[in-house]
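The values are calculated or read from the model by the stated rules, or taken from the named source; none is laboratory data. Bear in mind the structure is a predicted one, so any value in this text is a computation, not a measurement. Glycine also receives a Cβ, built like all others from the backbone with ideal geometry; neighbour counts cover every protein chain displayed. Heads up: the accessible areas ignore ligands, DNA and RNA and are worked out on the full protein's heavy atoms, side chains in. Shrake-Rupley method; radii C 1.70, N 1.55, O 1.52, S 1.80 Å.
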Protein chains: 2
Amino acid sequence: MRKKTTITLKHLAEDLNLSVSTVSRALNNHQDISADTKELVCSYAKKMNYFPNLFAKGFRSQKTHIIGLIVPQISNYFTSTVIEGVLQEAEEKGYRVIVSESKNRPDKQEELIQMMRQFGVDGLLLSLTRKTKNVQNIIAAAERIPLVLLDKVSNKIPCTHIIINEEQAAFEAVEHLIHTGKKNIAIIKETEKSFNSEMRYRGYLKALKKHNLPIDEQYILSTEDISLQHGQRLAYQILSLQKRPDAVFTITDDCAIGVIKTFKKLQIKIPDDIAVLGFSNSLNSTIISPKLTTVDQPGQKIGATSVKYLVEEINNENQVISKTVEIKTHLVVRESTLKL
Amino acid sequence: MRKKTTITLKHLAEDLNLSVSTVSRALNNHQDISADTKELVCSYAKKMNYFPNLFAKGFRSQKTHIIGLIVPQISNYFTSTVIEGVLQEAEEKGYRVIVSESKNRPDKQEELIQMMRQFGVDGLLLSLTRKTKNVQNIIAAAERIPLVLLDKVSNKIPCTHIIINEEQAAFEAVEHLIHTGKKNIAIIKETEKSFNSEMRYRGYLKALKKHNLPIDEQYILSTEDISLQHGQRLAYQILSLQKRPDAVFTITDDCAIGVIKTFKKLQIKIPDDIAVLGFSNSLNSTIISPKLTTVDQPGQKIGATSVKYLVEEINNENQVISKTVEIKTHLVVRESTLKL
DNA sequence: CTGAAAGCGCTTACAG
DNA sequence: CTGAAAGCGCTTACAG
């Protein structure tokens, strides 16, 4: 048998011969209430182990103090650090977080947005799935509820965006390769033009241009699913090119690790023959040998910053804000590009 | 300016010249309501894009349809797969999940339990922090709210436990080492007697006993924090033993990878000189070379099963259930123990 | 300084 | 089959 009785304001009021209003005010430290009553009520509430029903409180004040978070996939190291940042900051600001996963399916993403709205979350944090085509519904949602996009964003949706300095990060990474003496740098990016992929590609182009290196079409490779397996596969393609590149920049660590695996199998020397550069600073990047040079993406900070802006917008009432905040990254140089 | 007007039952009722009760019943497919009215109301609701306020619904029915989940750390591959399982099953059952992280701090864990209760979650899923000493408060919480412990559990807390077959899994893993001809098998476990560590240790002992191998105290190593770094450190200690073992079973993959790193640096041949065996089947286990033999822990299944039992308990009203469900694991044999 | 009353959006026992 | 009313636990404008 489970104990059911929960103590409510009414119980306290009856016991103390006070009105519910007075008890409520005393507990909420309202201004015009006598010190004596306040003291009396508070100590009695404590004694009775009273806790306010947050659900009722939220219902009454039309604020749930819940934030919704939708990410494409949780079991991804970077994403999990983003979530950690979100939870931590949310807790500090007094919000709970309902977490959900769109599994990279746009239809599921829409369903979740709908569900979150229906549930009455005070604000929504969204990292878009790949192939988010129909942004109309998302824009419509943003008109009714504070929305912040993070990491995986779209310029077509006007709201606050929290991202990393994608282009600059890629630029610096590729420039690092150039500084180590590499001249024929290949890139592996996504076929689908996701925001992240495109920005990193831009950074790559910018670095080549700045250093007057030619842009060679055969060095620009794309794959649908930017994974370890495809990295392994594309590595063969890279090696079969008429003129072999002397460095490969892949826009994810997973893919870079796939490339390294194939190169090692075929006895290609990394970085002397071909250097490899990733993006994310995943846990794997220090497990693979040689250790991977990569761009560190501060997930916690992205998560925490998103909450900060979202809460600001929630408190800001009707004001819809749209600003883009870029979180700084930094390059972590390791063995896979190290000049000896 | 954000659009604020939300359509409520009252709006629909006024527009249709019906009572709120009737509209509510029509929408909820109540039995005694005329087909005509039902049709009328439903189509109008659809037209007006009405969605019920779930918060109000929950408030009224004293059911929030929210489950609380507390885990020690999210950014851990295994844990993130557990969360995926939880979210998926919860969604199917019509529950939302508030996720939170105790950061392995017992005080924080207690705070979170308190918060979840106060918030009125319908049930609580809890994976304990290491060093959970004071179980009184947790037991007290379980008296008021359905509670299911998962993965990191304690026998001192009477409620449903969803775990893997820890002892059996470790037994089979160590037996596999024995089958490959290893006779002097070391183990690295936790100093702190966590449930998981102790059960795996038991499995280790059981396998040695079954095969009449002596239990050698010097082969039983412990560390506070069972991490990659400590694996690296303990590998030196293992190599300095008077009689070197020919296999090492570490109770986590991370630690095993640390051991492998040190062994490789010192040119120890794996598995010929010393085999290495992990536990978890983390992503890293296939990145390290040689690839790690390990026990696959089906995180998704653990998560999903926990929700299944929790929801059952929620629907079961006052009945407090305490059963232990063991999820089957299986050994994944890879290079680090492969007999040539 | 305190209390009675209304109301947040819904459901449901009661009456008809 | 439909409606009026009560109530879930709280807060707050209004009166005194």
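Looking only at residues in the range B:12-34 that are among the acidic types (D, E) and without any contact (Cβ under 8 Å) to a residue 12 or more places away in the chain, the one that is farthest from DNA strand C (Cβ to nearest atom) is B:E14.
Among B:G85, B:G94, B:G123, which is the only one that is modelled with pLDDT of 95 or more and open to solvent by less than 70 Å² (accessible area, probe 1.4 Å)?
Going through B:G85, B:G94, B:G123 in turn, just one is modelled with pLDDT of 95 or more and open to solvent by less than 70 Å² (accessible area, probe 1.4 Å): B:G85.
The conditions of being under 30 Å from A:Q114 (Cβ atoms) and within 16 Å of DNA strand D (Cβ to nearest atom) are met by A:S61. Considered as a group, the residues in the range B:217-228 that are of a type outside the set (S, T, Y) and outside any helix (DSSP H, G or I) include one that is surrounded by the fewest Cβ atoms within 10 Å (Cβ to Cβ), and that residue is B:E224. All of A:S80, A:S75, A:S100 fail the test of being in a helix (DSSP H, G or I) and on the phi < 0 side of the Ramachandran plot, apart from A:S80. Within the range A:1-32, the set of residues being open to solvent by less than 70 Å² (accessible area, probe 1.4 Å), among the aliphatic types (A, V, I, L, M) and more than 10 Å from DNA strand D (Cβ to nearest atom) comprises A:L16, A:L18. For the condition more than 14 Å from chain B (Cβ to nearest Cβ), on the phi > 0 side of the Ramachandran plot and more than 10 Å from DNA strand D (Cβ to nearest atom), A:N49 does not qualify.
Is there a residue in the range A:46-60 that is within 12 Å of DNA strand C (Cβ to nearest atom) and in a loop (DSSP other than H, G, I, E, B)? Scanning the range A:46-60 turns up at least one residue that is within 12 Å of DNA strand C (Cβ to nearest atom) and in a loop (DSSP other than H, G, I, E, B).
Out of curiosity, is B:Q319 closer than 30 Å to B:I66 by Cα and over 18 Å from the mean Cα position of the chain (by Cα)? Talk me through it step by step, then tell me what you get.
On the way: closer than 30 Å to B:I66 by Cα: yes; over 18 Å from the mean Cα position of the chain (by Cα): yes.
Yes.
The residue that is nearest to B:V121 (Cα to Cα), counting only those in the range B:164-177 that are buried (at least 20 other Cβ atoms within 10 Å of the Cβ) and touching a strand residue (DSSP E or B) at 6+ places or on another chain (Cβ under 9 Å), is B:I164. Take the residues in the range B:1-11 that are of a type in the set (D, E, K, R) and within 11 Å of DNA strand C (Cβ to nearest atom); name whichever of them is farthest from the other protein chains (Cβ to nearest Cβ). Checking each candidate, the answer is B:K10. If you go through the range B:53-76 and pick out every residue that is within 18 Å of B:S306 (Cα to Cα) and either at the interface with chain A (Cβ under 7 Å from one of its Cβ atoms) or free of Cβ contacts under 8 Å to residues at least 24 places away in the same chain (or both), you end up with 1. Might you let me know whether the range B:284-298 holds any residue that is open to solvent by 40 Å² or more (accessible area, probe 1.4 Å), closer than 23 Å to B:L126 by Cα and of a type outside the set (G, A, S)? Checked the range B:284-298: no residue is open to solvent by 40 Å² or more (accessible area, probe 1.4 Å), closer than 23 Å to B:L126 by Cα and of a type outside the set (G, A, S). Among the residues of this structure, B:A141 does not count as one that is open to solvent by less than 10 Å² (accessible area, probe 1.4 Å) and modelled with pLDDT of 95 or more. Counting residues that are more than 13 Å from chain A (Cβ to nearest Cβ), in contact with a helix residue (DSSP H, G or I) (Cβ under 7 Å, 6 or more places away or on another chain) and not basic (K, R), which strands (runs of 3 or more DSSP E) fully inside the range B:248-340 reach at least 3? Of the strands (runs of 3 or more DSSP E) lying wholly inside the range B:248-340, those with at least 3 residues that are more than 13 Å from chain A (Cβ to nearest Cβ), in contact with a helix residue (DSSP H, G or I) (Cβ under 7 Å, 6 or more places away or on another chain) and not basic (K, R) span B:275-277.
Conditions (1) open to solvent by less than 40 Å² (accessible area, probe 1.4 Å); (2) among the small types (G, A, S), marked per residue:
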| residue | (1), (2) |
| --- | --- |
| B:H230 | no, no |
| B:I251 | yes, no |
| B:A256 | yes, yes |
| B:D272 | no, no |
| B:E312 | no, no |
| B:V320 | no, no |
| B:K323 | no, no |
| B:L331 | no, no |
